[in-house]
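Enquirer: Can you keep this structure in mind? I'll have questions shortly.
The values are calculated or read from the model by the stated rules, or taken from the named source; none is laboratory data. From a predicted model like this one, the values you see are computed outputs, not experimental measurements. Glycine also receives a Cβ, built like all others from the backbone with ideal geometry; neighbour counts cover every protein chain displayed. The area values use the complete protein model at the heavy-atom level, side chains included, leaving out ligands, DNA and RNA. Shrake-Rupley method; radii C 1.70, N 1.55, O 1.52, S 1.80 Å.
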Amino acid sequence: MAATTATSTETVEVEPKPQGRISGIIRYWLGNWKLSLGTGMIVVLLGFSVIGSLQTDFKKTRVGSSPFSVPPSAEYPLGTDNVGRDMYALMVHGIHPSLKIGLIAGILGTVIGTVLGLVAGYSGGLVDTVISTFADIVLTIPSLMILVVLASYLRSTTIELTAIIIAVFAWAGPTRLIRSQALSLRERPFVPLAKLSGQGDFEIAIRQILPNLLPYIMAGFVGSVSGAILASVGIQLLGLGPLLTPNLGMVLNSAFTGAALFRGMWWWWGPPAVALIVLFVGLFLISIALDEFANPRLRGEAK
Amino acid sequence: MIDKSQPVLKVEDLQVFYWSKRGPIRAVDGVSFTIKRNERFGFIGESGCGKTTTMMAVLRLIKPPGKIENGRVILDGQDVLKMEKEELRLTRWSKIALVPQGAMNSLNPIMRITDQIEDTIMTHDVGATREQARARILSLLDMVELPERVARMYPHELSGGMKQRACIAMATALEPQLIIADEPTSALDVVVQKAVMQTLIGVQERLGSSLILIGHDMGLTAQVLDRIGVMYAGKLVEVGEVQDIYKRPLHPYTQALIGSLPSLKEKKKGGGIPGLPPFLLNPPAGCVFHPRCQHAMDVCRQKVPVLREHRPNQLAACHLYEESNVPI
Amino acid sequence: MNLQYLLKRVGLFLLTIWVASTLNFLIPRLSPGDPVGAILGAMQAQGATIANSAEIIEAFRARFGLDEPVYVQYVKYLWSLAHLDLGYSIAHFPSTVTDIISNSIPYTLGLLSVTTVLTFVIGIFAGALLVWQATPRAAKTLITIFLMLAPVPYYLLAMILVFFFSFTLGIFPNSGITSPGRIPGEGFDINYFLDIVYHSILPALSIMIAGIGGWVLGMRGMMVTVLGEDYLTLAEAKGLKNRRIFLRYALRNAMLPQFTALAITLGYVVSGSVIVELLFSFPGMGYQLFRAISSNDFPVIQGITFFLVLSIATAILGIDLIYPLLDPRITYNRK
C-alpha cells in the first residue's frame with residue numbers, strides 16, 4: 001500500500017500542469033541567451049523576408065527589370081546584379097524559399113529519423129541491426145554526391161522537389177541520435193514500472209520514452225534544417241537544383257558564375273552570404289542550447 | 001628525515017565550503033584531529049557528513065565550487081595548504097597516498113596497470129631507472145597478491161577486487177608515510193571485501209605507515225582500527241580508541257550509530273536514528289545534532305559544543321559532559 | 001583486435017560501396033527518358049563533340065548494354081566497376097573517366113589529407129584546452145572565436161577569405177594551382193612545388209577554419225565529462241605533472257569518441273571541399289565534377305561521385321581498423 005502511494009505522488013510531480021510546463025519552457029527559452037539570440041536571428045531574417053516580399057514587386061527579381069550592375073543607392077538599396085535584377089527584391093523573395101527547403105527536409109528527416117530511431121532503439125535485435133547499419137551507410141555516403149547525380153538528371157527542378165530529395169538523406173543523423181538515446185532510456189527504471197502497470201510496448205514508447213526524447217528530437221530537427229539548407233546551397237553552387245526561382249543558393253550561384261568577387265561587386269555576393277551566416281549561426285546557437293538542455297553537464301562551461 | 005616524535009598529520013580547524021547561489025554549504029566546519037605514526041585511524045559517519053571532503057582537503061584536491069576556507073594541514077611538519085605548486089605535487093603520493101573510493105573508475109581505462117604506476121614513480125624523481133621502476137611494480141603487485149601478468153593488463157580486464165588491489169599497490173609505490181583509503185571495499189562483495197581489507201592492513205604494517213580508513217560500514221572497519229573519529233554534519237563529534245567508542249560512546253550521535261549497528265550477539269532494536277542530517281546550507285544553531293538528539297537541552301540550541309577530552313583519550317563535542325551541565 | 005570486429009567493419013565497407021554503386025546504376029535508369037537519349041541530348045547541346053557521335057553512341061550502347069535484361073546490365077556494371085572501369089567521358093571522348101580522375105586525384109588527396117589531419121589535430125587540442133583550467137585567457141578567447149565559426153559553411157568562408165586576402169590585399173592568388181605559364185623543371189622542382197603550396201593556402205585555410213570549430217565543440221563536451229572522472233582526481237593525487245595529466249589522462253580519453261566522429265564527418269568534409277575546389281578553380285576532383293556538370297558529362301559525374309564515396313569508405317575503414325589500437329576496451333560497435 002505504501003509503495004502505491006509513493007508512486008502515485010511521484011507521477012503527480014513528474015507531470016506538472018500543462019500551463020505550468022509551457023510557461024516554464026518559455027521562461028527557459030528567454031532565460032537562455034543562446035536560445036533567445038538564435039531564435040531572434042532566425043525570426044529577424046524571416047521577418048525581413050516575409051514583410052519585404054509583401055511590399056516588393058516580384059517582377060523586380062526578373063532579368064532586365066533594372067539597370068545592370070548598379071551599386072546600392074536610394075532606389076536600389078542593395079544594388080542590382082549583372083543582368084539587371086534588383087538585389088533587394090531577390091533577397092526578400094529569396095530568403096524564405098531557402099528556409100522552406102530546410103523546413104520541408106528537416107521535418108521529413110526528423111519524423112522518419114525519430115520513428116526509425118525509436119523502433120531500432122526500443123526493439124533492439126535484428127530490427128536494430130538492419131536500421132542502424134543502413135543509417136551508417138547513408139551517413140558514410142556523402143549525400144551531396146548522390147544529390148549531384150540525381151540533380152544532374154533532373155535539371156529543371158523546384159524548391160519542393162529539391163527539399164524532398166534532400167530529405168531522402170536527412171533521416172540518418174536523427175535516426176542515430178534518437179536510437180542511442182532510446183537505447184539508454186529503455187534501461188531506466190520507469191520502463192519496467194510502466195510494464196508492470198500494464199502498458200504495452202507501443203504505449204510505453206509513445207508515452208514514456210518519446211517525451212524524454214523531445215530535446216534530442218528538437219536538436220536533430222535543427223541539425224537537419226541547417227544540413228538541408230547547406231546541401232541545397234552546395235548543389236546550387238555546383239550549378240544544379242532550383243536555379244530559376246529566387247533563393248539564396250541561386251543568388252550565390254549567379255554571383256559566383258558572374259565573378260562578383262573579382263569585379264568588386266560586394267553588394268552581389270555579400271547579402272546572400274550574410275543572410276546564410278545569420279541563418280546558420282542562429283540555428284547553431286539553438287542546437288547548442290538544446291544540447292546543453294539535454295546534457296546538463298555541458299552547461300556553464302562555455303567560457 | 002622522518003621525525004618519529006612528530007605526528008604524521010595534524011589538522012587544525014579545517015573548513016571547506018561549497019559555494020552555492022544561496023550561500024556557502026558548510027561541508028566541513030572546524031575539524032581538528034591528529035594522526036600518529038603507524039596508527040590506523042577510521043572516520044565514520046553517514047554519507048554526506050564530510051568524511052571524504054575532509055580527506056580531499058588534506059590532499060588539497062577540493063575543486064570549485066568547493067573551497068578550503070580556513071585551517072592548517074600539517075603533514076610531516078609542513079603545512080600542505082601553504083605549499084607552492086611544485087612542492088605540493090612532489091609531496092603528493094611520496095608522503096601521502098590515496099586508495100580511492102571508486103576503484104572501478106579511478107584507473108585510466110586506456111593505460112596498462114604498469115604504466116599507471118610507473119608514471120607516478122618516474123615523476124617523483126626518486127632516482128629510479130625505468131627498469132628498476134618496473135621491477136618494483138612487479139614486487140608491489142606480488143605484495144598485494146596479484147599475479148605478474150596483471151601489470152600488462154588494462155583496467156577493464158580486471159575484476160573489482162583486482163582493481164582495488166592494483167590501487168593499493170599503486171598507493172604504496174613510493175612508501176608514503178600516510179595512506180588514505182576512502183571506503184576501499186564498499187563496491188566489492190563481502191568475501192572479497194575481507195580479503196582486500198586484509199591485504200591493505202598487511203601492506204600498511206609492512207611499510208610502517210599510518211592509515212586513515214573512511215567507511216560507513218562500522219562492522220568491518222572496527223576490527224582493524226586503533227582509533228575512530230565520528231563525523232556528523234561537517235563536524236567531528238567524537239574521537240577515541242576503538243574499544244572505548246564501541247563500549248562507552250559519549251556523544252549521543254555515536255551512541256545511536258553504535259546502536260544501529262546490527263549485532264549478532266543480541267537482537268537489539270536498532271533501526272537507525274530518527275530524523276535526517278541537517279541541510280548544510282543552513283545548519284541549526286548551537287550543536288548541529290540537537291534537532292535529532294534525545295538529550296537536547298537549552299544550551300544545545302545556543303552554544304556550539306567544543307571537542308574536548310572527557311575521558312582519558314576520548315574526546316567528544318557535547319554539552320552533556322561539560323562541567324557546568326549534568327556531570328556523568 | 002578480434003575477428004568479429006574486423007569482419008563487421010569490412011562488411012560495412014563492402015555494403016557501403018555496393019549501395020553507392022547500385023544507386024549510381026539505378027538513378028539514370030529511373031530518371032525520365034533513357035540514359036543514352038539523355039547523353040545524346042547532352043551531346044546535341046554541346047554541338048562540338050557531335051563529330052564522332054556515332055562512335056560515342058556505340059561505345060555507350062556497349063557499356064550500358066541496353067538490349068540486354070536489366071539484371072545482366074547490372075552484373076556487367078558491377079563487374080566493370082570492380083575493375084575500376086568507369087567508362088568514357090562524353091565531353092573529352094575518348095578519354096576515360098579513370099584518366100580524368102587520376103589526373104585530379106593528387107590535388108584533391110593532397111589538399112584533403114593535409115587539411116583534414118591538421119584540422120582534426122588543432123581542433124582536438126583547442127577543444128581540450130578550452131575546458132582545461134590552466135589555459136591562458138587569451139587562448140580561450142581565440143578558441144571561442146573558432147567555435148563561433150563552426151556553423152559557417154566552407155564555401156562562404158572561402159568567399160570571405162578570397163575577398164580579403166586576394167581581392168582586397170592581393171597577398172594570395174584567387175584561383176588555379178600554379179602561376180600562369182609556370183612549367184615544372186626536371187626532376188623534383190622545389191620552386192614548382194612551393195608554387196603549388198602557395199596556391200593551396202587559401203583553399204586549405206577555408207577548409208580548416210570552417211572545420212576546427214566543429215572539433216572544438218565535440219571535444220569540449222567530451223572533455224567536460226572526462227574531467228569529472230575519478231581517474232582524473234587520482235592522477236592529480238598521484239602528483240603527476242599537469243602536462244601529463246592533460247595529455248595522457250584527459251585528452252587521450254576525451255579524444256577517442258572524436259576519432260569515431262571523424263569517420264562520420266568525413267563525407268561532410270569531402271562535400272565541403274568539393275565546393276571549395278570549385279570556388280578556387282583548384283584542379284582537383286571537385287573542380288572536375290563542376291566542369292562535368294556544366295558539360296552534361298554524366299559518366300564523369302557518376303565516376304567522380306563513385307570514386308569519392310569509395311575514398312571516404314576506405315578512409316573510414318582505415319579509421320575503424322586503427323581505433324582498437326587506441327582504445328583497448330573497444331572490440332566492436334561504433335557509437
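Enquirer: Given H placed on each backbone N at 1.01 Å, which residues far from C:F280 in sequence or on other chains put an amide H within less than 5 Å of it?
Expert: Excluding prolines and chain starts, which carry no amide H, there are no hits.
Enquirer: Report, largest value first, the span of the C-alpha coordinates of chain C along each principal axis, in whole Å.
Expert: Reported extents, whole Å, longest axis first: 79, 55, 42.
Enquirer: Over chain B, what is the mean sequence separation of C-alpha contacts under 8 Å (at least six apart), divided by residue count, expressed as relative contact order in percent? Mind showing how you got there, number by number?
Expert: Numbers: 597 pairs, mean separation 63.2, N = 328.
In percent, rounded to a whole number, it is 19.
Enquirer: Another one. Per residue, how big is the convex hull of the stretch A:135-184 when only Cα atoms are used? Give it in Å³.
Expert: On the way: hull volume 3.1 nm³, N = 50.
Residue-normalised Cα hull volume stands at 61 Å³.
Enquirer: Heavy atoms only, probe 1.4 Å: what % of the accessible area of the stretch B:179-246 goes to carbon and sulfur, would you let me know? Write down the numbers at each step before the final one.
Expert: Values: 1130 of 2230 Å².
Solvent-exposed carbon and sulfur of the stretch B:179-246 make up 51 percent of the total.
Enquirer: Starting at 0 and stepping by 5 Å, how many percent of the alpha carbon pairs of the stretch C:249-335 end up in each bin?
Expert: Computed distribution, short to long bins: 3, 13, 19, 18, 13, 10, 9, 8, 5, 2, 0.
Enquirer: Here's another thing I want to ask about it. State, in angstrom, two size descriptors of the protein assembly as shown derived from its alpha carbons: Rg to one decimal place and Dmax to the nearest whole number.
Expert: That works out to 34.9, 120 Å for Rg and Dmax.
Enquirer: Right, another one. Counting other Cβ atoms within 10 Å of each Cβ, which trypsin sites (Lys or Arg not before Pro) in the stretch B:3-98 have at most 15 and sit in a DSSP loop?
Expert: Values: sites: B:K4, B:K10, B:K21, B:R22, B:R26, B:K36, B:R37, B:R40, B:K51, B:R60, B:K67, B:R72, B:K82, B:K85, B:R89, B:R92, B:K95; in loops: B:K4, B:K21, B:R22, B:K36, B:R37, B:R60, B:K95.
In loop regions of the stretch B:3-98 (DSSP not H, G, I, E or B), the sparsely surrounded trypsin sites (Lys or Arg not before Pro) are B:K4, B:K21, B:R22, B:K36.
Enquirer: Considering only A:T157, A:V119, A:N82, whose Cα is most displaced toward the positive end of the charge dipole of the stretch A:17-302, charges sitting on Cβ of Lys, Arg (+1) and Asp, Glu (-1)?
Expert: Of the options given, the answer is A:V119.
Enquirer: Sticking with this structure for a sec: What are the chymotrypsin sites (Phe, Trp or Tyr not before Pro) within the stretch C:169-223 that DSSP puts in a loop, where the Cβ has at most 10 other Cβ atoms within 10 Å?
Expert: Numbers: sites: C:F188, C:Y192, C:F193, C:Y198, C:W215; in loops: C:F188.
For chymotrypsin sites (Phe, Trp or Tyr not before Pro) across the stretch C:169-223 that sit outside H, G, I, E and B with at most 10 neighbouring Cβ atoms in 10 Å, the list reads C:F188.
Enquirer: Among B:V230, B:L200, B:S210, which residue has its Cα positioned farthest towards the positive end of the charge dipole of the stretch B:169-260, with +1 placed on the Cβ of Lys and Arg, -1 on the Cβ of Asp and Glu, and the dipole taken about the Cα centre?
Expert: So the residue we want is B:V230.
Enquirer: Cα centroid distance between the stretch C:260-299 and the stretch A:42-110, in Å?
Expert: With the stretch C:260-299 and the stretch A:42-110 each reduced to a Cα centre, they are spaced 28 Å.
Enquirer: Further question on the same structure: Under Stokes-Einstein, with the Kirkwood radius over Cα pairs standing in for Rh, what whole-number D in µm²/s applies to the stretch A:179-227 at 20 °C and 1.002 mPa s?
Expert: 184
Enquirer: Oh, and also: Quick one: which residues, 5 or more positions from B:L236 or on another chain, have an amide H under 5 Å from its amide H? H modelled 1.01 Å from N in the peptide plane, none for Pro or chain starts.
Expert: B:S32
Enquirer: Roughly what angle does helix C:97-131 make with the longest principal axis of chain C, taking Cα atoms, 0 to 90 degrees, to the nearest 10?
Expert: 20
Enquirer: What spacing in nm lies between the two simple spin-label points modelled at C:N2 and C:T135, each 7 Å away from Cα in the Cβ direction?
Expert: Taking the two extended label points, one gets 3.7 nm.
Enquirer: Restricting to DSSP H runs of at least four residues, report the calculated mean residue ellipticity at 222 nm for chain B, -39500 (n - 2.57) per run over all residues, nearest 500 deg cm²/dmol.
Expert: Values: 11 runs with 98 residues, N = 328.
One gets -8500 deg cm²/dmol as the mean residue ellipticity at 222 nm.
Enquirer: Can you work out the Karplus-derived ³J(HN,Hα) for every residue in the stretch C:177-191? Use 6.51 cos²θ - 1.76 cosθ + 1.60 with θ = phi - 60°, whole Hz, and x for glycine or proline.
Expert: 10, 9, 5, x, x, 7, 10, x, x, 5, x, 8, 9, 5, 5
Enquirer: Taking θ as phi - 60°, what are the ³J(HN,Hα) couplings along the stretch B:178-189 by the Karplus curve (6.51, -1.76, 1.60), each to the nearest whole Hz, with x for Gly and Pro?
Expert: 9, 10, 9, 10, 9, 6, x, 10, 5, 8, 9, 7
Enquirer: So what are the ³J(HN,Hα) numbers for the stretch B:278-287, from phi and the Karplus equation (6.51, -1.76, 1.60; θ = phi - 60°), rounded to whole Hz, Gly and Pro as x?
Expert: Result, ordered by residue: x, 7, 7, 6, 9, x, x, 5, x, 6 Hz.
Enquirer: What is the helix-to-structure angle for A:18-31, meaning the angle in degrees between its Cα long axis and the longest Cα principal axis of chain A, kept from 0 to 90 and rounded to the nearest 10?
Expert: 50
Enquirer: Can I ask one more? Enumerate the amide H contacts of B:I180 below 5 Å, restricted to partners 5 or more residues apart or on another chain; note that Pro and chain-start residues carry no placed amide H.
Expert: Sorted by chain and number, the residues that satisfy this are B:A97, B:L98, B:V99, B:I212.
Enquirer: Calculate the spin-label point distance for A:T257 paired with B:E205, positioning each point 7 Å from the Cα along the beta-carbon direction, and give it in nanometres.
Expert: With each label placed 7 Å out from Cα toward Cβ, I get 8.9 nm.
Enquirer: Starting from the Cα of A:V111, step 7 Å along the direction of its Cβ; do the same at A:S65; then give the gap between the two resulting points in nm.
Expert: Those two pseudo-labels are separated by 3.3 nm.
Enquirer: What number results when the radius of gyration of the stretch B:1-135, computed over Cα atoms, is divided by 2.2 N^0.38 Å? Can you show the working numbers first?
Expert: Numbers: Rg = 16.8 Å, N = 135, 2.2 N^0.38 = 14.2 Å.
The stretch B:1-135 yields a ratio of 1.19.
Enquirer: Given the C-alpha atoms of the stretch A:98-240, compute the convex hull and give its volume per residue in Å³. Write down the numbers at each step before the final one.
Expert: On the way: hull volume 13.8 nm³, N = 143.
So the per-residue hull volume is 97 Å³.
Enquirer: Could you work out how far helix B:160-171 tilts from the main Cα principal axis of chain B, as a 0 to 90 degree angle to the nearest 10?
Expert: 80
Enquirer: If you don't mind, there's one more thing I want to ask. Using only alpha-carbon positions, what ratio does the radius of gyration of the stretch C:64-151 give when scaled by 2.2 N^0.38 Å? Write out the running numbers ahead of the final one.
Expert: On the way: Rg = 23.7 Å, N = 88, 2.2 N^0.38 = 12.1 Å.
That works out to 1.97 for the stretch C:64-151.
Enquirer: Over the Cα atoms of the stretch B:103-236, each weighted equally, I'd like the Debye log10 I(q)/I(0) at q = 0.19 Å⁻¹, rounded to two decimals.
Expert: Here log10 of I(q) over I(0) equals -1.11.
Enquirer: If you don't mind, there's one more thing I want to ask. Pairs to check: B:K10/B:K67; B:K36/B:K247; B:K36/B:K95; B:K36/B:K63; B:K51/C:K140. Give those whose C-alpha atoms are more than 25 Å from each other in this structure.
Expert: In this structure, B:K36/B:K63; B:K51/C:K140 exceed 25 Å between Cα atoms.
Enquirer: For the stretch A:17-302, what percent of Cα pairs sit more than 31 Å apart?
Expert: Numbers: 15576 of 40755 pairs.
Considering the stretch A:17-302, 38 percent of its Cα-Cα pairs are separated by more than 31 Å.
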